[in-house]
1. Quick one: which of 383-391, 287-295 comes out on top by average Cβ neighbours within 10 Å, and what's the full order, highest first?
2. Beyond 20 Å between alpha-carbons counts as too far, so tell me which of Lys86/Lys115; Lys36/Lys309; Lys238/Lys298; Lys233/Lys422 fall in that bin.
3. Mind checking the dipole of the chain: about its Cα centre, +1 per Lys or Arg Cβ, -1 per Asp or Glu Cβ, Debye to the nearest 20?
4. Please compute the length gained on full extension between Leu212 and Arg333, using 0.36 nm multiplied by the number of residues separating them and subtracting their Cα-Cα distance.
5. Could you state the angle between the C-alpha long axis of helix 284-296 and the longest principal axis of the C-alpha atoms of the chain, as a value from 0 to 90 degrees rounded to the nearest 10?
6. Multiplying the sequence separation of Cys204 and Lys298 by 0.36 nm and subtracting their Cα-Cα distance, what value in nm do you get?
7. Please give the calculated 222 nm ellipticity per residue for the chain, where each DSSP H segment of at least 4 residues contributes -39500 (n - 2.57) and the sum is spread over every residue; nearest 500 deg cm²/dmol?
8. When the accessible area of segment 367-417 is computed with all protein chains present and a 1.4 Å probe, what percentage of it is carbon and sulfur?
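The values are calculated or read from the model by the stated rules, or taken from the named source; none is laboratory data. The structure presented is a predicted model; accordingly, all values stated were derived computationally and were not measured. Note that we place each Cβ from the backbone using ideal geometry, even for glycine, and neighbour counts take in every protein chain shown. Accessible surface is based on the protein model in full, side chains and every heavy atom, while ligands, DNA and RNA are left aside. Shrake-Rupley method; radii C 1.70, N 1.55, O 1.52, S 1.80 Å.
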Amino acid sequence: LAALSLSVCVSSRELFSPSQKYQLLVYHADSLFHDKEYRNAVSKYTMALQQKKALSKTSKVRPSTGNAASTPQSQCLPSEIEVKYKMAECYTMLKQDKDAIAILDGIPSRQRTPKINMMLANLYKKAGQERSSVTSYKEVLRQCPLALDAILGLLSLSVKGAEVASMTINVIQSIPNLDWLSVWIKAYAFVHTGDNTRAINTICSLEKKSLLRDNVDLLGSLADLYFRAGDNKNSILKFEQAQMLDPYLIKGMDVYGYLLAREGRLEDVENLGCRLFNISDQHAEPWVVSGCHSFYGKRYSRALYLGAKAIQLNSNSVQALLLKGAALRNMGRVQEAIIHFREAIRLAPCRLDCYEGLIECYLASNSIREAMVMANNVYKTLGANAQTLTLLATVCLEDPVTQEKAKTLLDKALTQRPDYTKAVVKKAELLSREQKYEDGIALLRNALANQSDCVLHRILGDFLVAVNEYQEAMDQYSIALSLDPNDQKSLEGMQKMEKEESPTDATQEEDVDDMEGSGEEGDLEGSDSEAAQWADQEQWFGMQ
């Protein structure tokens, strides 16, 4: 309608006043924006601004030729500032952040609304201009002291929690039942400094208060913090609790799907992915969850494609970057994987799994020195906790010279957290090298006393085989497979024992399996090659 009216306007200039033509151009640009024709929308917004400039000049020279209704209409025309904001939105959708910053920078500081300052702050942050970003976030808080996104933005840029809280103190004191906000700021200050334990304790104290009990956002934050702290069991519990309260929840579901996939619950992951796609396919989370299902099903090309699609929807999705990086690494494209893990570290410098992915890439390419430097930096930056100690020990295990150091680090990690699975696995690996199987069995039994983990049961089975405890080893492999039916190593351990017990029967079964498996393998390779074509067609995120 706007396009038709504009054509009529060109043919018959008397039909619409200059202000009405400006309004039509904005309507046209808005409709193009909502149809996702962003370049065309920018063009029409630019024409609208030119019309507005001409309108400002002519309105001073000659009076309006329209009817009486044109006067109130001219008073409610879209402002130039609003049009420039919409142009900036178009540029961000086109990933032309520099042009978006240029448009918003052209608006005088006094005329900038909170949403303009908020967009500027986010764009500055993305461009690495931290000082300008902090200034813009503070301006948002000056105008809107309860803008929680601005508070989180400042905390993410290492502004101290006390300073941020001081900018909201007057509002907190003037509004009843708002005293929880200062505790909320304190909690997220701990989150952004990587102090997971204190962050968990503070959010738990908030969540127990009657005013914020069963708050989905707090439960999601708790789940994410438990995940960062390596407590996957509590993380899954909190995600499930949040899901029950809000069945349409999308935020954080990518991490939840990843945790389920790691536990071998691929059917649950598939169901979660389908449910999320029914809610929205315009968010990264459903694509990441489906990607996790493909990755742990060893369909790495499809996982790569799904990770790329998620990044296309949200370039700041850390979980999507980790998924794509892991897929690239497992496909042997280590250098490309390193780029993705580095970008994940830039976006989430307090998340240990980002560093773990990068270090695994270094080890895969035999760059032990680079891996050691990175592990030491993580140890110094995030502090000496069970996770960082285990990560450093993992790298030390790769070098025969540092075996003793690895042992000391793992002992420290297990002293802090005797149930930390990764530390137990690495200590068991070390004991296996030293052939101290009895010590390894005692370690694993102790770890399994309060938890049930597929990998731990499988390693215990391996150790029991080494000391000729075949029946119990078979039991451990069975438990491992009940927890994760796709665990290939447990299956191989069980088949090896069966083969030793009855070599003739096992050989016949193996021949049948080979005949059946060859067809399935061909199908899998076919699906991967097809997915690889999709992946190649996807736009890769670029490092500027």
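1. Put in order of decreasing packing, that is 287-295, 383-391.
2. Lys238/Lys298
3. Charge dipole, the chain, about its Cα centre: 4740 debye, nearest 20.
4. Residue separation times 0.36 nm, minus the Cα-Cα distance, leaves 38.9 nm.
5. 20 degrees
6. Values: separation 94, 0.36 × 94 = 33.84 nm, distance 3.75 nm.
My answer for the length gained is 30.1 nm.
7. Result for the chain: -24000 deg cm²/dmol, rounded to the nearest 500.
8. The nonpolar share, carbon plus sulfur, comes to 54 percent.
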